[in-house]
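To start, the structure itself, in structure tokens.
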């Protein structure tokens, strides 16, 4: 990578505050590298560097900054700089920035847009959050089907500057409806006198503007394209989505799901960009909610306090039993949440999943139950514990409870994501800790019910 | 999407076993749709349909089948069909298939390759698993820098058929070393008599063939390209990686990490493609291992059996305390695992993370500790429980234990992924259940130590 040495040089220049040389250097770097350098600078210096940069370079570098740096900078930049940046930015990147700005800043941002760009920005923001419309760009090349390849190349030359890509060319009819898509290479490689129509094979994949972004990721995964056209409800071409933006969407969604699965709110920024206070807030809310739920375990156990008083040995296996339920629930929920996100499994499949997980849960539960039983009998044989003289009954109690708890954990963990989606909520909120908390209370009750049934008259 | 109606038709034809019409229909569909249809068929019919298809269509559709279907089909297809498919497949997709085939089948597969393709396949498989070399394709267009755009277009026309993309063109010197990359559009839009060298700006991003795939994903995310060149240790261009393949890598890696985070092995196939037996195996191993670890809780509590016998009330809070440790550990580990995967955080940052998590853990722990204390005092005031007459001491015990356990969970959950990476293991193995199990045992000991210290002489 040619940029590495240069990047080091600029880093030095920045430390020495040699502003002219910095401008020189930044203009030779890839904007992504420039943005990376910039985001290492203390925030108050961003504005200084921005003032040095020519308009286009400013916009190019700004576009590549991490979203949270963009948001901060919109507040820090002069009105004129904001105007430059927002008007020159790619419309899809701009949408994403506008989504994140606080409401009062959005107003100021929109006012700085030129009429044409304002129209574009408003239209893109008009699509519901999380849909294809919010990640598409209207900067594509669309051509009528009946022109020749030579004419097409002339048109493409003219439109190239304002297009996100010219690698894919879209054919539209007189009403702007999408007819087909072509690769630039097909046009370049064909006889210049051929019409575009004769290159078309009528097979294309289009994305509806209101399609959820997760589905867009699936389409890109399936069809292996670099760009897909986006159409409105009557088939009019309204934008394109490119593979690089879809990659960002896919990575972001997986990150959010994983953080939720772990039982916290999505951080929405890289680890070190989230202040410790913010981090505590994002985690504390769920942690406290789970804690309140978990308090029920104390109440549940309270009902059996006398039994514990009689035979403390019963209490020894409480952590083992509830954690096994939590672990099996965590496995099931993480597998199902991901399968739902990847559309491997849909809401309709819940019965099929239920019956599979019932089988899995039963087998896993029986497996652990047997190990648990053997553990108790073995400890007794080795003389490590006497279990009030009833090792087999104790072993049976623990074994049965384990089977039931693991079964319950597996089924609850697999069904909860379906239930949440059915209620219109995010399945990823069925976090591992959430499922564990659910299973802890029911697992405790189950264990003590089995214990009182089997041990009454002997230990209890 | 034009294909939908057609797809329904073909589905019907398949049900009616009208083979000729099926071939017709499949040749009009996008191969990805054809593959989707095919994978809905019972396996024994795959071979029947394959026999109908012309060579290229067979290869195109095969390439788009889910990997596990490909693996199964290699066993089911005739030698001749395997030969067709493997020789016509894109080299990067073929590498991925060969990676998954059992060793004896790989041998047969390699033998069916023509000498040229065999050379390519062996070279790609020569790179370590999980590196850029394993997802790249050698089917790109490389040109010398000194030819004119007109000459270049002629060359590109000739090479187009055997290239994965001609949207990016790579300039190399006489030794094959990468000099720069150009977009096809730049060449098309330039004066035909200009040399390629004069279009070059010498700034390009190249990927080393041995770079881990996770880093390749980061590069694509950062630089927003459709294709990146791959070079060997001396800068010779050896392949290209395209954004669509990187998307697949990113999605696959996130899926594996999420499944591991949930405490099972990565499934490596869509949910319904994993048999119930296989599913139980993938989950049972970890579940049993965690269970064995969790058995230590019973031993740990066993040491305090007499105390519990004296004051069963102490046992009531065990589930609450250990689950709080588990929950905070689950949050921390999921956040850190993802940050490590995204390279937001690197191994070197462990001290910084440690000090942040120490603060977070302490604050979160104090928060829960206070709630726990208040809960006990409140229950006492309301007359719901008397806590052996010592509600404040009991509340203090639980509060202190909670603070310590949440702190321990947070720190252990955040540091374990670093430790695993340092040992050369996968950080994602620090699953939520694994961390919870660790914290359960230490949490129990902590709780009972605090309890015996504070309650000796009163309750105990």
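A few comments on the model shown:
- Subset tally (residues that are surrounded by 17 or more Cβ atoms within 10 Å (Cβ to Cβ) and either in contact with a strand residue (DSSP E or B) (Cβ under 9 Å, 6 or more places away or on another chain) or outside any helix (DSSP H, G or I) (or both)) for region B:341-362: 3
- Within region A:273-296, being closer than 23 Å to residue B:428 by Cα, part of a helix (DSSP H, G or I) and more than 7 Å from chain B (Cβ to nearest Cβ) holds for A:273, A:282, A:286.
- Single residue of region A:312-331 satisfying the filter (under 35 Å from the mean Cα position of the chain (by Cα) and more than 8 Å from chain B (Cβ to nearest Cβ)) that is farthest from residue A:257 (Cα to Cα): A:321
- Selection status of residue A:438, out of contact with any strand residue (DSSP E or B) (no Cβ under 7 Å at 6 or more places or on another chain), part of a helix (DSSP H, G or I) and away from every other protein chain (no Cβ under 12 Å): no
- Selection within region A:281-310 - closer than 23 Å to residue B:310 by Cβ, in contact with a helix residue (DSSP H, G or I) (Cβ under 6 Å, 6 or more places away or on another chain) and in contact (Cβ under 8 Å) with a residue 24 or more places away in the chain: A:297, A:300, A:301, A:304
- Here A:391, A:433 are screened, and the one residue that is touching a helix residue (DSSP H, G or I) at 6+ places or on another chain (Cβ under 8 Å) and within 25 Å of residue A:263 (Cβ to Cβ) is A:433.
Yes/no matrix, rows are residues, columns are (1) under 17 Å from residue A:413 (Cα atoms); (2) more than 23 Å from the chain's Cα centre (by Cα); (3) more than 7 Å from chain B (Cβ to nearest Cβ):
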residue	(1), (2), (3)
A:298	no, yes, no
A:310	no, yes, yes
A:336	yes, no, yes
A:346	yes, no, yes
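- Only residues that are surrounded by 15 or more Cβ atoms within 10 Å (Cβ to Cβ) and either free of Cβ contacts under 8 Å to residues at least 24 places away in the same chain or within 12 Å of chain B (Cβ to nearest Cβ) (or both) were counted in region A:381-393, giving 4.
- Conditions (1) touching a residue at least 60 places away in the same chain (Cβ under 8 Å); (2) within 12 Å of chain B (Cβ to nearest Cβ): number failed by residue A:33: (1)
- Any hit, region A:372-380, residues being within 39 Å of the chain's Cα centre (by Cα), in contact (Cβ under 8 Å) with a residue 12 or more places away in the chain and not in a loop (DSSP other than H, G, I, E, B): yes
FYI, it's all coordinate maths here, none of it is from the lab. Nothing here was measured: the structure is a model prediction, and the numbers come from that model. Don't worry about glycine lacking a Cβ; one is built from the backbone with ideal geometry, like all the others, and counts go over all protein chains shown.
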